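Here's the structure, in C-alpha cells; my notes come after.
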Amino acid sequence: MNIELDEDHLELAQTVKDFADTVIAPAAYSYDTERRLPLEIIDQMAEMGLFGLPFPVEFGGRGKDYLSLCLAVEQLSRVDQSIGVTLEAGVGLGAMPVYRFGTDAQRERFLPQLTSGKALAAFGLTEAEAGSDAGATKTTAEMIDGEWVINGTKQFITNSGTPITRLITVTAVTGSRTSSRGGTVPELSSILVPTPADGLTVHPAYDKLGWHTSDTHPLSFDDLRVPEENLLGERGRGFANFLSILDEGRVAFAALCTGAAQGCLEQAISYAKSRNVFGTAIGSNQHIAFMIARMEERAHSARLAYYHACSLLMAGKPFKKEASLAKLSASEAAMANARDASQIWGGYGFLNENAVGRHYRDSKVLEIGEGTTEVQLMIVARELGLVE
C-alpha cells in the first residue's frame with residue numbers, strides 16, 4: 001500500500017484546509033449557537049465541487065477517487081464536525097446509493113443535482129427499534145396499483161429536513177422471504193422518495209448534545225406513494241445493499257473522526273506553546289508534552305487506518321474488516337483527543353465558544369453514529385471467524 005499522497009490529493013487537502021480555517025472556523029461558534037445549517041457555507045462547498053468528488057463527470061461529478069472525498073471530510077472536520085458530516089452523509093449515504101444501485105434513469109434524474117451540491121439526499125435506515133439491528137425494520141412498502149405505499153417512521157436521519165433536501169432513500173419491508181436457515185424473514189428493499197412529498201412528515205429537529213448545526217430529524221410516512229420504478233436496486237436486496245453502503249460510509253466517517261482528532265491536537269499544541277504558567281509555557285512541562293505526543297500518535301494511527309481501508313475500497317478488494325477497524329480506532333482517537341485537549345485548555349476548554357469545547361461535545365456521537373463501537377467490534381470478531 002502506498003500511503004504517500006500525490007500532488008492532486010495534496011492540493012485538494014490544502015485547498016479544503018484553507019477554506020476550513022478562513023471561512024468555517026471564524027463562523028462556527030455563531031451558527032452553532034443558532035443551531036442552523038449554514039447554507040451559505042454549503043453553497044461555497046458546492047462551488048468547490050466537494051459534493052461531486054467521487055462521482056464521474058458524466059453525472060456532474062469531478063471524477064476523483066474516494067480518498068479525495070475522505071481528505072475533504074477530514075479537513076472540514078478539523079474545525080467543525082457538523083460541516084464534515086453534512087458532506088460525508090450527503091455523499092456517502094445520500095448520493096452514493098443512487099450511484100451504486102440506481103438505474104440509468106434514476107442516476108440521470110437525481111445525481112446531477114446531488115453531485116452539484118445544490119440538493120442534498122438522506123438515507124432513511126434507522127428506526128426506534130432498528131438501529132444496530134437493522135433487520136428489525138418495521139417501516140413497510142406495499143405495491144398497490146403500480147405504486148409503493150410507504151408507512152412507518154425513521155429516526156436520526158441526517159440531512160433530511162434542510163431547505164435543499166430533495167431525496168430520501170427509505171429502507172422498508174416489502175414482503176417476506178425464506179432465510180438460508182429455512183425460516184421466514186422480512187424482505188427488505190430500498191425505495192427512493194423525492195421530497196417534499198405528500199405523506200412525508202419531517203418532525204422538528206432533535207435537541208442534540210453536539211453536532212448542533214448538522215440537520216437531523218425523525219421522519220414519518222403515512223400512505224406516502226411513489227411510482228414502482230422508484231425501487232432502488234433489486235427487490236429484496238435492500239439489506240445487502242445498505243450494508244455495502246455502510247461499509248463505504250465508515251471509511252469516510254473514519255476520516256471525519258481523524259479530522260476531529262487532528263483538530264484537537266492542533267488546538268492543544270497552539271495553547272501549550274502560548275499559555276505561560278510560572279513564567280514558562282505549559283508545553284515545556286513533560287506531562288503536557290507527553291499528553292500531546294499521545295494525541296499525535298492517535299491521530300496518526302487513525303489516519304493510517306482509514307488510508308488503508310480506503311486503498312482496499314478503491315482497489316476493489318474486501319475492506320469490511322478494515323473499514324470497521326478504521327471507524328473504531330478513529331472514533332476512539334477523537335474522543336480521547338477531545339478529552340485531553342479540553343484538559344490542557346483548562347477552564348477555557350469548557351466553553352462552547354472554544355473549538356475544543358465543541359469537539360468535546362461532538363465527539364461522543366462518533367462512537368455511536370454509522371455503527372456503534374460495539375457493532376464494529378462484532379464485525380471485526382466475525383471477520384476473524386470468532387462469532388457467527
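Listed values, structure above:
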{"read-out": "Amide H contacts of L224 (H built 1.01 Å from N, under 5 Å, at least 5 apart or other chain)", "value": "I150"}
{"read-out": "Hz values of 3J(HN,Hα) by residue in the stretch 284-300 - Karplus curve (6.51, -1.76, 1.60), Gly and Pro given as x", "value": "7, 6, 4, 4, 5, 4, 5, 4, 5, 4, 5, 4, 4, 4, 5, 5, 4"}
{"read-out": "Size-normalised alpha-carbon gyration radius of the chain, reference 2.2 N^0.38 Å", "value": "0.99"}
{"read-out": "Fraction of alpha-carbon pairs over 20 Å apart in the stretch 260-364 - percent", "value": "44"}
{"read-out": "Straight-distance crosslink candidates among aspartates and glutamates, where the alpha carbon sits under 12 Å from K320 and sequence neighbours closer than 8 are dropped", "value": "D247, E248, E383"}
{"read-out": "Sulfur and carbon atoms: percent of accessible area, the stretch 25-178 [1.4 Å]", "value": "48"}
{"read-out": "C-alpha long axis of helix 25-34 to longest principal axis of the chain, angle in °", "value": "60"}
{"read-out": "³J(HN,Hα), Karplus 6.51/-1.76/1.60, whole Hz, each residue of the stretch 348-360, x for Gly, Pro", "value": "5, x, 9, 9, 5, 6, 8, 4, 5, x, 5, 4, 4"}
{"read-out": "Translational diffusion coefficient (Stokes-Einstein; Kirkwood radius from C-alpha pairs) of the stretch 139-279 at 25 °C, 0.890 mPa s, in µm²/s", "value": "136"}
{"read-out": "Semi-axis lengths (Å, descending) of the ellipsoid that matches the C-alpha gyration tensor of the stretch 16-169", "value": "28, 20, 13"}
{"read-out": "The stretch 18-133, relative contact order in percent, only Cα pairs under 8 angstrom and at least six apart counted", "value": "27"}
{"read-out": "Electrostatic dipole magnitude of the stretch 292-333 [Cβ: Lys, Arg +1; Asp, Glu -1; Cα centre; debye, to 20]", "value": "160"}
{"read-out": "For the chain: relative contact order, % (alpha-carbon pairs under 8 angstrom, 6 or more apart)", "value": "16"}
{"read-out": "Surface per residue (accessible, 1.4 Å probe) for the chain, Å²", "value": "44"}
{"read-out": "Helix 104-115 axis, angle to the chain major axis (alpha carbon atoms, nearest 10°)", "value": "30"}
{"read-out": "Percentage of interatomic Cα-Cα distances in the stretch 66-141 larger than 18 Å", "value": "53"}
{"read-out": "Debye, to nearest 20: dipole size of the stretch 120-259, +1 on Lys, Arg Cβ, -1 on Asp, Glu Cβ", "value": "400"}
{"read-out": "0 to 90° range, to nearest 10: angle between helix 373-383 axis and the chain longest Cα axis", "value": "70"}
{"read-out": "Long-range HN-HN contacts of G175 with modeled amide H, under 5 Å", "value": "E187"}
{"read-out": "Space enclosed by the convex hull of the alpha-carbon atoms of the stretch 6-55, per residue, Å³", "value": "79"}
{"read-out": "Alpha-carbon centroids, the stretch 253-306 and the stretch 355-386: separation in whole Å", "value": "21"}
{"read-out": "The chain - mean residue ellipticity at 222 nm from DSSP helices (-39,500 (n - 2.57) per run, n ≥ 4, rounded to 500)", "value": "-15500 deg cm²/dmol"}
{"read-out": "Of D340, D145, D133, the one that fluctuates the most in a GNM where the chain has Cα springs shorter than 10 Å", "value": "D145"}
{"read-out": "Table column - 3J(HN,Hα) (Hz), the stretch 326-338, Karplus curve with 6.51, -1.76, 1.60, x for Gly and Pro", "value": "5, 5, 5, 5, 6, 5, 5, 5, 5, 5, 5, 5, 5"}
{"read-out": "Hydrodynamic radius by Kirkwood, which averages 1/r over all alpha carbon pairs of the stretch 1-97, in angstrom", "value": "13.8"}
{"read-out": "For T165, residues with placed amide H under 5 Å, excluding near neighbours", "value": "L120"}
{"read-out": "Cross-link pairs beyond the 27 Å C-alpha cut-off, checked among K138/K317; K154/K327; K17/K273; K17/K321; K118/K317; K118/K321", "value": "K138/K317; K17/K321; K118/K317; K118/K321"}
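The values are calculated or read from the model by the stated rules, or taken from the named source; none is laboratory data. Computed from a predicted structure; not experimentally measured. Positions of Cβ are generated from backbone atoms using ideal geometry, with glycine treated the same way; all protein chains shown enter the neighbour counts. In case anyone asks, the SASA skips ligands and DNA or RNA and just uses the protein heavy atoms, side chains included. Shrake-Rupley method; radii C 1.70, N 1.55, O 1.52, S 1.80 Å.
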